[in-house]
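Below is one structure; the comments refer to it alone.
The values are calculated or read from the model by the stated rules, or taken from the named source; none is laboratory data. These numbers were taken from a predicted model, which means no experiment stands behind them. We place every Cβ from the backbone using ideal geometry, glycine too, and count neighbours over all the protein chains shown.
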């Protein structure tokens, strides 16, 4: 799927896309949190409540939270891999089940600028508009294209900065002798010290035999 999403989206061509469907529009709404941390899960619950309220405010939307709400938990937005809910939503939109896809903001849709613009353009070719609520962007609006481009690039750069900070923090932790992970490593037992840097691993003889057998195989 990724390979075909070249950025053909151009504000000069938007007017040539299919016209907005008259009357009520069949709507799909996507919500996503990138980690399964407790605070993120609370944020997801808040997003679900926001979805219901938003749909109620639009009488021209046909939306059933039981089947038209696509929820992604602990999913990264940098690619389409491991996003079955999102992929299914896009598939249904392209087969004519939806007229409008609603996302809270561009960064929740994708954190890859090229994929964002390419996918939005492809959906327009299928007569499906994307509405980024917090950013105030409607993909069919010619005047919103520049803003969409900027927001998509910003989302990608922000994701890259977060990754760099995480990797940097892990490197510092390793240099300080802080062990990463939960200690569940086959062949070893974790021995926790009073401080993180005093925590270490010792060989578990019984499990070590299993590890040796695996290596031999």
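Hey, which of the helices (runs of 4 or more DSSP H) in the stretch 78-158, taking only ones fully inside, have at least 3 residues that are modelled with pLDDT of 90 or more and crowded, with 21+ Cβ neighbours inside 10 Å?
Per the criteria, 84-94, 113-125.
Of the numbered conditions (1) loosely packed, with under 14 Cβ neighbours inside 10 Å; (2) touching a helix residue (DSSP H, G or I) at 6+ places or on another chain (Cβ under 6 Å); (3) modelled with pLDDT under 85, residue 201 fails exactly one; give the number of that condition.
Checking residue 201 against (1) loosely packed, with under 14 Cβ neighbours inside 10 Å; (2) touching a helix residue (DSSP H, G or I) at 6+ places or on another chain (Cβ under 6 Å); (3) modelled with pLDDT under 85, the one that fails is (2).
So, in the stretch 12-52, how many residues would count as being part of a strand (DSSP E or B) and at pLDDT below 55?
Residues that pass the stated criteria total 0.
(1) at pLDDT 85 or above; (2) closer than 23 Å to residue 145 by Cβ; (3) within 21 Å of the chain's Cα centre (by Cα); (4) surrounded by 16 or more Cβ atoms within 10 Å (Cβ to Cβ): which one isn't true of residue 70, the others all being true?
It is condition (2) that residue 70 fails.
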